[in-house]
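> Mind having a look at this structure? Questions to follow.
The values are calculated or read from the model by the stated rules, or taken from the named source; none is laboratory data. The structure displayed is predicted, hence computed values, not measured ones. Positions of Cβ are backbone-derived with ideal geometry, glycine not excepted, and every protein chain shown enters the neighbour counts.
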Amino acid sequence: MSAETGPVRYELADGVATVTLDRPDAMNALDVATKDALRDAVHRAAADDAARAVVLTGTGRAFCVGQDLREHVAGLRSDEPAPLSDTVEAHYNPIVTALATMPKPVVAAVNGVAAGAGASLTFACDFRILAASASYNLAFASIALSCDTGASWTLPRLVGHARATDLLMRPRTIHAREAEEMGLATDVVPSERLARDAHAFAARLAEGPTLALASIKRALAFSATHDLPASLTHEAQKMAFTGASTDHAAAVEAFLAKEKPEFTGR
């Protein structure tokens with residue numbers, strides 16, 4: 001399925017919805033039109049029954065450099081500047097919430113620099129596949145801002161509290177291999193193979209037991225904010241749910257028959 005034109009493209013193939021930031025001349029900076037389109041595309045992917053996995057990526061030499069500062073400066077110079085919290089609440093929070101909570105795996109295919117909110121978007125995904133030429137920069141403090149787009153929640157869970165503090169308070173460029181070493185990359189691949197490899201990675205997930213994958217994703221999120229007894233109770237609930245699924249029955253029958261199971265996400 002081909003995508004509409006605009007700052008964000010939506011395509012569906014092999015059970016994978018690919019959401020592509022498409023402002024290469026602006027390094028995929030997030031102006032209002034792009035944020036509106038990205039929010040809509042991510043919500044569309046979450047609700048699309050034909051999409052069993054999602055890829056989030058960009059075009060050109062950047063994945064996303066975060067907030068469009070040209071538009072932001074113009075707003076600051078207006079007679080009645082809107083507080084930054086307006087776009088955080090209207091755009092960044094809904095986008096990152098959808099990425100982190102949708103009941104399907106989300107893969108960030110990081111094709112270039114991911115800075116500020118652009119980096120935070122990838123941290124909300126379940127997997128991050130980086131081109132060898134990609135890099136991160138938690139640039140918020142460089143322009144005297146706090147962090148947003150979920151970085152205060154996702155980053156410490158990926159790299160630990162101390163390292164997250166350092167990366168946020170002393171912004172610097174983190175190249176792909178270093179990102180992999182510190183846990184910010186699931187894999188690093190040659191730049192020319194990124195789109196193909198990320199799609200193949202997501203397609204394998206889409207062929208899998210997506211009901212179980214969604215339950216695992218939910219269980220991990222639940223346990224991050226609950227104690228062990230509550231997490232054990234929640235695990236039992238999810239085990240009852242997935243244990244009664246068609247996918248589980250199919251997997252057991254396929255195992256006994258020494259065949260490959262076919263999953264339907266039910």
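> For region 209-218, check the following and say yes or no: at least one residue is among the charged types (D, E, K, R) and not in a helix (DSSP H, G or I).
No, region 209-218 contains no residue that is among the charged types (D, E, K, R) and not in a helix (DSSP H, G or I).
> Which condition breaks for GLY183 when tested against (1) more than 18 Å from the chain's Cα centre (by Cα); (2) surrounded by fewer than 20 Cβ atoms within 10 Å (Cβ to Cβ)?
Tallying (1) more than 18 Å from the chain's Cα centre (by Cα); (2) surrounded by fewer than 20 Cβ atoms within 10 Å (Cβ to Cβ), GLY183 fails exactly one: (1).
> Another question about this same structure. Determine whether region 145-156 contains at least one residue that is in contact with a Phe, Trp or Tyr (Cβ under 9 Å, 6 or more places away or on another chain), among the acidic types (Asp, Glu), under 27 Å from ALA41 (Cβ atoms) and in contact (Cβ under 8 Å) with a residue 60 or more places away in the chain.
Looking for residues that are in contact with a Phe, Trp or Tyr (Cβ under 9 Å, 6 or more places away or on another chain), among the acidic types (Asp, Glu), under 27 Å from ALA41 (Cβ atoms) and in contact (Cβ under 8 Å) with a residue 60 or more places away in the chain, one finds at least one in region 145-156, hence yes.
> How about region 35-53: which of its residues are more than 10 Å from ALA98 (Cβ to Cβ) and touching a Pro at 6+ places or on another chain (Cβ under 7 Å)?
ALA37, ALA53
> In addition: Can you tell me which residue within region 61-99, out of those that are exposed (fewer than 15 other Cβ atoms within 10 Å of the Cβ) and of a type in the set (S, T, N, Q), is modelled with the lowest pLDDT?
Only one residue fits best here, namely SER78.
> Suppose we filter region 1-30 for residues that are at pLDDT 95 or above, part of a loop (DSSP other than H, G, I, E, B) and acidic (Asp, Glu); how many remain?
Of the residues in region 1-30, 2 are at pLDDT 95 or above, part of a loop (DSSP other than H, G, I, E, B) and acidic (Asp, Glu).
> Which of the following residues is over 14 Å from the mean Cα position of the chain (by Cα) and within 21 Å of SER135 (Cα to Cα): ASP49, ASP36, ASP22, ASP31?
None of the other options fit; the residue is ASP22.
> For region 119-163: of the residues being within 16 Å of the chain's Cα centre (by Cα) and of a type in the set (Phe, Trp, Tyr), which is surrounded by the fewest Cβ atoms within 10 Å (Cβ to Cβ)?
Applying the filter and picking the extreme gives TRP153.
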